[in-house]
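> My questions all concern the structure below.
The values are calculated or read from the model by the stated rules, or taken from the named source; none is laboratory data. Everything numeric here is computed off the predicted structure, so don't read it as measured data. Backbone-built Cβ (ideal geometry, glycine too); neighbour counts: all protein chains shown. For accessibility, only protein heavy atoms count, side chains too; no ligands or nucleic acids. Shrake-Rupley method; radii C 1.70, N 1.55, O 1.52, S 1.80 Å.
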Amino acid sequence: MQNKYSNSLTQFDSQIASFNAEVIINAPGRVNLIGEHTDYNNGFVMPTAIDKNIKFYFKLNGSESSCSIQSLNYNSCYKFDLNSPNSNQEEWTRYITGVLEEIKKLGKVIKGFDCIMLSNLPIGAGISSSAALECGLATGINELFDLGLTQLEIVKLSQLAEHNYVGTQCGIMDQFASVMSKKNHIIKLDCESLEYELVPFMIEPYGLLLLNTNVSHSLSTSEYNTRRAECEQGVTLLQQWYPEIKSLRDCSLEQLQNHQSQFDPLIYKRCEYVLEENKRVSDAALALENKDLKTFGELMYASHQGLQNKYEVSCKELDFLTEFSKNNEAILGCRMMGGGFGGCTLNLIHQDAIDVYIAEASLAYKKIFNIELTAFKAMPSNGVERIFK
């Protein structure tokens, strides 16, 4: 399905104006600076919402249970009855069904509504358009029907929607970042306790640049769930010697190393990566507090190396862009971001060098892969919020 988004959205202005929305919601995508695949292992992550988003426009339609949700970008409309959820529609509708069903499980009453959506989030770029969709819809329904859901309830039900109706056993990071972020800050999140710290993100004269490989290899969903199962297998083995361990979060690198010979080498690599990545998150937070961007960048490169060689969720396109960045003095760090097998690299780059670097990287990438590279800058933004006219 072709996304009709362009930099100019005036083509939709009249349609939005005539809709007469009662509630408008801005739901951002997110980047994760470091701490990849650690969230479902109850570890640490460092995400933030960004200034790319989905806007939702909601209104009541006076019916008991008839609803419609239209994507302006895709010229696609999902019409359904709240009392008869249908999970056999296009994939994006499963997120809708999941969120509404999880809200109903909490005993909340929803009636007929209409919604239109407009997005400037690149799909498949690893910036969690799915969490933006889930959390934006949940927040809009909460506001439209005055349900009294807390931010944390919205985070948790959105995660369950993805588990139960889409089939991706994701951690909680994406939904948490989508809801709880604050402009000009990043979140250091403990995915076990959900305690978090807002860390100021003052990195001038550097900025964040995302380079989208524009590839999405078919392994992404299946291998995501496989990696989770491999980590759980490691935990089961560790419990033979350390019964108190409930997840890799509870394990030290020393404990893992003590029993390396009893591990399947593949499972050992997966577990070792997670433990090392957790430490990188803590080290990265300290580097930011000390305004030590050089160390922060080195940690980004180390993260990519672990994802490439130990966790094995990268791909040749991501690896190429990461290696290419090392030849440019204006870049302090680069790594793949997201579930893997495609999506974006995240680059910590001097702002003055961004335009030239995009041109150089695009030319080199096209020459090797015959694929057009797309690029966009991103900065920390507020999480999901209601927009008042």
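> So, with +1 on the Cβ of K and R and -1 on the Cβ of D and E, and no other charges, what is the size of the charge dipole of the chain about its Cα centre, to the nearest 20 debye?
Around 640 debye, computed over the chain.
> Taking Cα atoms, how many degrees apart are the long axis of helix 129-144 and the longest axis of the chain, rounded to 10 and kept between 0 and 90?
Helix 129-144 sits roughly 40 degrees off the main axis of the chain.
> Hey, if we sort Ser63, Ser247, Ser84 by accessible area with the 1.4 Å probe, largest down, what's the order?
Working: Ser63 35, Ser247 15, Ser84 75 Å².
Sorted descending by solvent-accessible area, the residues read Ser84, Ser63, Ser247.
> A follow-up question, please. Once the Cα atoms of helix 293-309 and of the chain are each reduced to a long axis, what angle between those two axes, in degrees from 0 to 90 to the nearest 10, is obtained?
On a 0 to 90 degree scale, this one is about 90.
> Something else about it: Would you mind pulling out the separation of the Cα centroids of the stretch 165-185 and the stretch 28-96, in Å?
Cα centroid to Cα centroid, the span is 12 Å.
> Modelling each spin label as a point 7 Å along the Cα-to-Cβ direction, I'd like the Leu286/His163 distance in nm, to one decimal.
Taking the simple label geometry, Leu286 and His163 are separated by 3.3 nm.
> I would also like to ask the following. Counting DSSP beta bridges in the stretch 62-137, what percent are antiparallel, to the nearest 5?
Just about 60 percent of them are antiparallel.
> In addition: Can you give the angle from 0 to 90° between the axis of helix 151-161 and the longest principal axis of the chain, with both taken from C-alpha atoms, to the nearest 10?
80
> In percent, what relative contact order does the chain have, based on Cα pairs under 8 Å that are 6 or more apart in sequence?
Working: 789 pairs, mean separation 92.4, N = 389.
Across the chain, relative contact order equals 24 percent.
> Compute the accessible area per residue over the chain, keeping the other protein chains in place, probe 1.4 Å, unit Å².
Numbers: 16600 Å² over 389 residues.
With the other protein chains kept in place, the chain gives 43 Å² per residue.
> Starting from the amide H of Ser65, placed 1.01 Å from N in the peptide plane, find each other amide H under 5 Å away whose residue is 5 or more places distant or on another chain.
The answer is Gly112.
> Right, another one. Can you give the accessible area of Trp92, probe radius 1.4 Å, in Å² rounded to 10?
50
> With a 10 Å radius around each residue's Cβ, average the other Cβ atoms per peptide and rank 303-312, 332-341, highest first.
Details: 303-312: 20.4, 332-341: 25.4.
Going by the mean number of other Cβ atoms within 10 Å, highest first, we get 332-341, 303-312.
> For the stretch 119-263, what class follows from the C-alpha gyration tensor (a ≥ b ≥ c being the square roots of its eigenvalues): rounded when a/c is under 1.5, otherwise prolate if a/b is larger than b/c, else oblate?
The shape class here is prolate.
> Summing -39500 (n - 2.57) over the DSSP H runs of n ≥ 4 in the chain and dividing by its residue number, what mean residue ellipticity at 222 nm do you reach, to the nearest 500 deg cm²/dmol? Walk me through the intermediate numbers first.
Details: 11 runs with 150 residues, N = 389.
Helices in the chain give a 222 nm mean residue ellipticity of -12500 deg cm²/dmol.
> Shifting gears a bit: When a/c reaches 1.5 or more, the comparison of a/b and b/c decides; with that in mind, is the stretch 204-320 rounded, prolate or oblate per its Cα gyration tensor?
Taking the square roots of the gyration eigenvalues as a ≥ b ≥ c, the stretch 204-320 is oblate.
> Measure off 7 Å from each Cα along the Cα-to-Cβ vector at Ala229 and Gln260, then give the distance between these two points in nanometres to one decimal.
Going from the Ala229 label point to the Gln260 one covers 2.7 nm.
> Could you give the distance between the Cα centres of the stretch 316-389 and the stretch 252-277, to the whole Å?
When both Cα centres are located, 31 Å separates them.
> For the chain, what class follows from the C-alpha gyration tensor (a ≥ b ≥ c being the square roots of its eigenvalues): rounded when a/c is under 1.5, otherwise prolate if a/b is larger than b/c, else oblate?
On the way: a/c = 1.82, a/b = 1.30, b/c = 1.39.
It is oblate, given that a/c is not under 1.5 and a/b is not larger than b/c.
> What FRET efficiency, computed as 1/(1 + (r/R0)^6) with R0 = 25 Å and r the Cβ-Cβ distance, is obtained for Lys294 and Glu197, rounded to the nearest 0.05?
Working: r = 22 Å, r/R0 = 0.89.
For R0 = 25 Å, the calculated efficiency reads 0.65.
> Ranking request for peptides 193-203, 320-330, 374-384, 139-149: highest mean number of other beta-carbon atoms within 10 Å first, then the rest in descending order.
Details: 193-203: 13.9, 320-330: 16.7, 374-384: 20.4, 139-149: 18.7.
The most tightly packed comes first, giving 374-384, 139-149, 320-330, 193-203.
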